[in-house]
Amino acid sequence: MPKVLYIEDNFDNRLLVRRILMASDHGFDIVDVDNAKDGIEIARANPPDIILMDVSMPEMDGLSATRQLREIEELKTVPIVAITANAMEGDRERTLNAGCDGYIRKPIDVDKLPDQILAYIRSRNERSARREADSAD
Ligand code: MN
């Protein structure tokens, strides 16, 4: 059961993503939280399979939160996917530089989201399988 942590200050977005994931056949286990500080604590206490990170939040924004998460040993390789409303040039670079694996633009595509999430989890698993194979050589 893929464990998803969604950090997002907007209630409607949290509700939407929760509904999408609960309705999918993949049996997602979703935890959502409305601020980055609590999100970091939850991730540290119980590392998820993927973190969906809203970029624009009051107090601590999603990119600062991502940098902090990457400092935590258990969370160095967990996929972090930025959820961004800005379709601006340079977004990709900004999110990748902060330590995100990629980003999904708002508005969230209800039909695509479950597969997008699974693809990020799979590519992480494949990377770690390759690393283990390399170190076994
Ligand atoms: Mn926001």
**Q.** Cβ-Cβ FRET estimate between LEU15 and ARG105, R0 fixed at 22 Å, reported to 0.05
**A.** 0.70
**Q.** Taking the chain and dividing mean pair separation by its residue count, relative contact order in percent (alpha carbons under 8 Å, at least six apart)
**A.** 21 percent
Q) Given charges of +1 on the Cβ of Lys and Arg and -1 on the Cβ of Asp and Glu, with all other atoms neutral, how large is the dipole of the chain about its Cα centre, in debye to the nearest 20? A) 160 debye
Q. What nm value, rounded to one decimal, do you get for the distance between HIS26 and ASP134 when each label is placed 7 Å out toward the C-beta?
A. 2.5 nm
Q. Using the beta-carbon distance between LYS76 and SER123 and R0 = 22 Å, what value does 1/(1 + (r/R0)^6) give for FRET efficiency, to the nearest 0.05?
A. 0.90
Q. In terms of the ratio Rg/(2.2 N^0.38 Å) built on C-alpha atoms, what value belongs to the chain?
A. 1.01
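No value in this document is a laboratory result; all are computed from the given coordinates. Not measured: the values here are computed from a predicted model. Positions of Cβ are backbone-derived with ideal geometry, glycine not excepted, and every protein chain shown enters the neighbour counts.
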